[in-house]
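Q: Questions regarding the structure given below will be posed in turn.
The numbers here are math on the coordinates, done by the rules we state, and not lab data. Model, not experiment: these values are computed from the prediction. Cβ coordinates were reconstructed from backbone atoms using ideal geometry, including for glycine residues, and neighbour counts include every protein chain displayed.
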Amino acid sequence: MAEAASSNDNQSLTFTLGRELFALDIASVREVLELVNITRVPRTPEYIRGVINLRGRAVPVVDLKLKFGMGATERTVNTCIIIVEVCLDGEDTVLGALADSVQEVYEMETSQIEPPPRMGTPIRSDFIRGMGKTGEQFIIILDINKVFTSMELAGLSQALGEAGTDLAEARPQ
């Protein structure tokens, strides 16, 4: 029985950043939103685009392309915000991640996922959980809990506090 459980498919939400195809574990994705107005927060890193109002809560939005050194995400008809839940220092935090487009929920068997390469990707290898493949295109599977650090969010929390917004409002109840 344990053997069958270990061969279960992994479901991931695939999305694009530039010409690269990325994936997030579907368990960390709460929802996908159309691009809405983002309120800039002073004294935050450039890749933190600001906050959005998500049902009365301030949710920080990160431009993954900027964070990964791939340039800024441009606003298009396909640009969206992927709302994810990340675990930082044992606490769940809700964040928005800008993506050029969302593709599909993709299923991969564990045996189809290879370890991250040591070089040749646009982002740091410690952000990558593994590499998959669809057709001839590689899928970079992100470890969303390693993409963000508690120090980054502590700085954001301080900036939000100074701006009159509380990051704790973005924490799930």
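Q: Given the structure, is ALA58 touching a Leu at 6+ places or on another chain (Cβ under 7 Å), more than 19 Å from ARG129 (Cβ to Cβ), exposed (fewer than 14 other Cβ atoms within 10 Å of the Cβ) and not aromatic (Phe, Trp, Tyr)? Don't jump to the end; show me each part of the working.
A: Details: touching a Leu at 6+ places or on another chain (Cβ under 7 Å): yes; more than 19 Å from ARG129 (Cβ to Cβ): yes; exposed (fewer than 14 other Cβ atoms within 10 Å of the Cβ): no; not aromatic (Phe, Trp, Tyr): yes.
So ALA58 does not fit the description; no.
Q: Report the residue count in the stretch 88-132 for those that are polar (S, T, N, Q), touching a Ser or Thr at 6+ places or on another chain (Cβ under 9 Å) and under 23 Å from GLU74 (Cα atoms).
A: 2
Q: Of all residues in the stretch 106-133, how many are among the hydrophobic types (A, V, I, L, M, F, W, C) and either part of a helix (DSSP H, G or I) or under 15 Å from LEU66 (Cα atoms) (or both)?
A: Of the stretch 106-133, the ones among the hydrophobic types (A, V, I, L, M, F, W, C) are 108, 113, 119, 123, 127-128, 131.
Filter once more, so that each one left must be either part of a helix (DSSP H, G or I) or under 15 Å from LEU66 (Cα atoms) (or both): 123, 127.
Of the residues in the stretch 106-133, 2 are among the hydrophobic types (A, V, I, L, M, F, W, C) and either part of a helix (DSSP H, G or I) or under 15 Å from LEU66 (Cα atoms) (or both).
Q: Tell me, which strands (runs of 3 or more DSSP E) lie completely within the stretch 1-105 with 3 or more residues that are among the β-branched types (Val, Ile, Thr)?
A: 48-54, 57-63, 80-88
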